[in-house]
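Scroll down for the structure; my scribbles are underneath it.
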Amino acid sequence: MHQISIHPAFRRYWLDVLCLILLLGISGCGEDSGERIDIDFGQLESESNTTDLDLDRIAVEVQQFCGDCHATPPPSAIPKAGWFSEIQLMYQLYEESGRNDLTVPQKGDVVEYYRQLAPEVIEVPDVIASDTNPPVRFNKTPVSFVPNFYPTLPEAPPGIANLAWYDATQHESLEQSILLGCDMKSGLVFELQFENQEVKPGRRITLNNPSHSTITDLDQNGQADFLIADLGSFLPADHYDGRVIWLRPGEDNTFTADVLANGLGRVTDIQVGDFDQDGTDELLVAEFGWRATGNVWLLTQQKVENGVPEYTRQRLDDRHGVIHVPTVDINQDGHLDFVSVISQEHEVVELFLNRGDGTFRRQNIFAANSPAWGSTGIDLVDFDSDGDMDVLYTNGDIFDTFYIVPYHAAHWLENNGDGTWQNHVLGSLPGIHRAVAGDLDQDGDLDVVCSSLISRPLEGVSLNTLDSLMWFETTANGEFKPHRIETGNCNQATIVVADFDQDGDLDIATAQFEDSAMNPRTDVSIWWNNSIIPQ
């Protein structure tokens, strides 16, 4: 990853306040007119009229009302029994937004419209068939931080949102390759180092709620440092406690931390690049926010005070729900662009094309048909090896609706090279949170590893039976064949695919995002691919 993930667990992960945000996050739309609408929710269900309901009329009214801010939710998104509370929340959020410029449909009619068209139940997708002779087998090594690695770590279960592999062969400023992780619950930012298949702890520091890391050399001293996206809270909320943190090597196996920007909403990603081509790098900051906060910022360096850069801010996008903003010169014109995945009710993937002066032109490359689509992240990779950059995209945020739905999947958004894009569904996985590409079977094409994050029990579903870690093999005829790696551990928000033991084949690292204590405890798991046996 460029990866995080959190999607999305950092997106909407909470138990006791789930009623505050489910399907229709309308409160972020529009401006406050100062006039409010009083809605009697107690009358909502009684207003339903089951006779002579004009479904065509209601469909038009719902489209005009909901579609003013985002895609209109299809009735098939959740089962019939769930729609009363969803419609009630929709009207509540519209009231709280302060808007009064829309024609509000009759609440009871809307409830009945969705109930009549929604399915009684949504079938849980079947688990994949067992492999009798999988092309790659993995051996798992669980790594527990307590008590061996970090004896003083709080006993709270891990909430690791992001792992990132930084390879010393690709980063001259690194002395050795490291796996860097961010635990948004305990606040721990940690390094793991490898010697063959032995995993060792490295540097560490405790922040507030770190969710993502990016390697850089901001002070250009030849030593790698890191930018950390700090959410500012574990649970979703509208606040200005998010921060951009600069980590530099410290003494005694630690880091030092400087705050480069604060007063932000929940920060989920930071990228570095010279977008205006003035010879100095800017910082691209994704502020996920929540309901009333959320932006994409470009931070431009103004001066350096006591060795720490100071920045001014320029807003590039004012929508909330931004998860990732990976950078790339997508059209190969010499200017650094970026791709943004925006969740909440927006559910889009958009390309920001740099005009060359640090201003951008937006191009939509994917838009979901539902505000409950559940975007969880993207990675940039030339998946078909045709010389241009494609997008791997996942949608499986279970905290949108708390239902398992068949459209949770990994997607390949193919760059056709002419400004157009094509969506290919690689395969389905309930609660899918991350997808990362790599040639696992060494046949010359890229496969995809996927993990799920469900974390809490769901009514009528046994999580023990669900696939939780799998890979899709790209076959010679262009199909994507699923292979199971693990079942039942639907608590993994992040994946890295790399050759950790330097034996010539790609291994996998995952990390736990847990709601309750584990016994025995596992923080990180390394899945060794022993396809190649060194001579």
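Of note:
- Relative to the longest principal axis of the Cα atoms of the chain, the long axis of helix 107-117 lies at roughly 70 degrees.
- Surface composition of the stretch 460-526: carbon plus sulfur atoms hold 45% of the accessible area, using a 1.4 angstrom probe and ignoring ligands, DNA and RNA.
- Along its first, second and third principal axes, ordered by size, the stretch 147-257 spans 40, 34, 23 Å in Cα coordinates.
- When the stretch 420-516 is reduced to its Cα atoms, the Kirkwood hydrodynamic radius in Å: 14.4
- Distant-in-sequence amide contacts of N530, defined by a placed amide H-H separation under 5 Å and a gap of 5 or more residues or a different chain, comprise R137, N139.
- Per-residue ³J(HN,Hα) for the stretch 435-447, Karplus 6.51 cos²θ - 1.76 cosθ + 1.60, θ = phi - 60°, Hz, x for Gly and Pro: 9, 10, 9, x, 8, 5, 9, 6, 10, x, 10, 8, 9
- Cα gyration tensor category, rounded, prolate or oblate, for the stretch 243-346 with a/c compared to 1.5: oblate
- Peptides ranked, highest mean first, by Cβ atoms within 10 Å: ranges 356-363, 221-228, 383-390, 510-517: 510-517, 221-228, 383-390, 356-363
- Extension gain for K200 to Q63 (0.36 nm times residue separation, less C-alpha to C-alpha distance): 43.8 nm.
- Rounded accessible area per residue of the chain, 1.4 Å, Å²: 39
- Cα gyration tensor shape of the stretch 378-469, rounded if a/c is under 1.5, else prolate or oblate by comparing a/b with b/c: prolate
- Overall form of the stretch 46-176 per C-alpha gyration tensor (a/c, 1.5; a/b vs b/c): prolate
- Two-site label geometry, E155 and D515: point separation in nm, points 7 Å out along Cα→Cβ: 2.2
- Protection proxy ranking of 294-306, 71-83 - average other beta-carbon atoms within 10 Å, highest first: 71-83, 294-306
- Each residue of the stretch 187-193 is assigned a 3J(HN,Hα), and the resulting list reads x, 6, 10, 9, 9, 10, 10 Hz, derived from the Karplus form 6.51 cos²θ - 1.76 cosθ + 1.60 (θ = phi - 60°), x at Gly and Pro.
- Cα long-axis angle, helix 55-66 against the chain (0 to 90 degrees, to the nearest 10): 50
- The C-alpha atoms of the chain define a longest principal axis, and helix 83-97 lies at about 80 degrees to it.
- Euclidean distance between Cα centres, the stretch 432-450 to the stretch 265-290, Å: 28
- In this structure the amide hydrogen of G377, modeled in the peptide plane, comes within under 5 Å of the amide hydrogens of T394, none closer than 5 places in sequence on its chain.
- Alpha carbon centroid spacing (whole Å) that separates the stretch 104-125 from the stretch 333-377: 31
- Shown here are the Rg and Dmax of the Cα trace of the chain, at 23.2, 77 Å.
- Once backbone amide H atoms are built at 1.01 Å from N, Y311 has Q302 as its partners under 5 Å, excluding neighbours fewer than 5 places away on the same chain.
The values are calculated or read from the model by the stated rules, or taken from the named source; none is laboratory data. Remember, it's a predicted structure, so these values are computed and weren't measured experimentally. Please note: Cβ atoms are built from the backbone with ideal geometry, for glycine as well, and neighbour counts cover all protein chains shown. For accessibility, only protein heavy atoms count, side chains too; no ligands or nucleic acids. Shrake-Rupley method; radii C 1.70, N 1.55, O 1.52, S 1.80 Å.
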